[in-house]
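First the structure, in the form of structure tokens, and then the observations on it.
Every number in this text was worked out from the coordinates using simple rules, so none of it is lab data. Here the structure is a predicted model, which means the values were calculated and not measured. All Cβ positions, even for glycine, are placed from backbone atoms using ideal geometry, and neighbour counts span all protein chains on display.
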Amino acid sequence: MLQLGPYSAWVAFDGYDRRTYATEVSQSGCCISGWIASEREKKFSVNWHNALRDIPLEGVVSIDGVVCSTHVMLDKSTRPLAPDEISISYARSSDLTRRDFVFSTIQVTDEDEYLHTIDNQYTFGVIELELWRLAVSNVTARQPLRHQYGKPSLEPQILHERSKKGGSHHVKFGEEYISHPSTVDLVTGMRIDKQPFVKFTFRYRSMGTFLWGLHRDEMLMHVRLL
């Protein structure tokens, strides 16, 4: 779990908080980051909690550089009975279907048709949650959530072996399944700030790579102590 003041966030597998390592807080005090170990074909959720709910906040979840969810947690005075915790585990693919977040292994090939992937810039290995302060102008209660088509999606990746990303993990959207549209409060408003009010960053690596990194850091610390 990562925490800044009354705001906390975590990535969960099977309903349990994934342990976060090597936590760092920015000099500004509004950004916090840490590392988690990912597991192939494991579904997960991105969760956050607001202990105060004194201001309206927009939450934006981005995975591997793709925005996967935007949502609003209203302040307690506006919605006193609303939950103070939000969990995001899927992206909508249509008004009636969803696809879950799933860790997957990047596939590599020596086929020439994938040579163009060598020099591409990728943002694999990063899960971000941004919280933005909102100036709310209107709230329309209990409206059906309509899917916005044409957004980028997270699909299985095949890269050329010279990209040197073989065995690395990324996130894909899982198999599509039926789910009726949610009913939500539709919020109209504007962001107050030019930068996120709070930002959580989870960097993930496959279990083997992650454990090797921890072991290496422990060895370096031991050498320094000697």
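Miscellaneous remarks
- Two-site label geometry, H180 and M207: point separation in nm, points 7 Å out along Cα→Cβ: 3.8
- Reduced Cα scattering model of region 1-124, Debye log10 I(q)/I(0), q = 0.09, 0.11, 0.12, 0.19 Å⁻¹: -0.35, -0.51, -0.60, -1.24
- Calculated P(r) tail over 28 Å for the chain, as whole % of Cα pairs: 38
- Its relative contact order, with pairs defined as Cα atoms under 8 Å and 6+ residues apart, puts region 1-153 at 24 percent.
- Globularity ratio of region 164-204, using Cα Rg and 2.2 N^0.38 Å: 1.97
- Rounded to the nearest 20 debye, the dipole size of the chain about its Cα centre is 520 debye, using +1 on the Cβ of Lys and Arg and -1 on the Cβ of Asp and Glu.
- Loop-resident sites, region 1-99, for trypsin sites (Lys or Arg not before Pro), counting at most 16 other Cβ within 10 Å (DSSP): R19, R40, K42, K76
- Counting only residues at least eight positions apart within a chain, or on another chain, the lysines with an alpha carbon under 26 Å from that of K76 are K194, K199.
- Working ranking of peptides 107-117, 190-200, 127-137, 144-154 by packing, defined as the average number of other Cβ atoms within 10 Å per residue, highest first, is 127-137, 190-200, 107-117, 144-154.
- One chain, two ends: Y16 and T188. Fully extended at 0.36 nm per residue, the span grows by 58.6 nm beyond their Cα-Cα distance.
- Look at E24, E161 and count the other Cβ atoms within 10 Å of each Cβ; fewest to most, that gives E24, E161.
- Angle between the chain longest axis and helix 207-225 axis [Cα atoms, degrees, rounded to 10]: 70
- Inter-part distance where region 131-149 and region 42-117 are each reduced to a Cα centre, Å: 16
- Summarising the label geometry, the points placed 7 Å from Cα in the beta-carbon direction at Q143 and L115 lie 5.1 nm from one another.
- Just checking the listed ones, V184, V171, V66: in the Gaussian network model of the chain with Cα springs under 10 Å, the one fluctuating most is V184.
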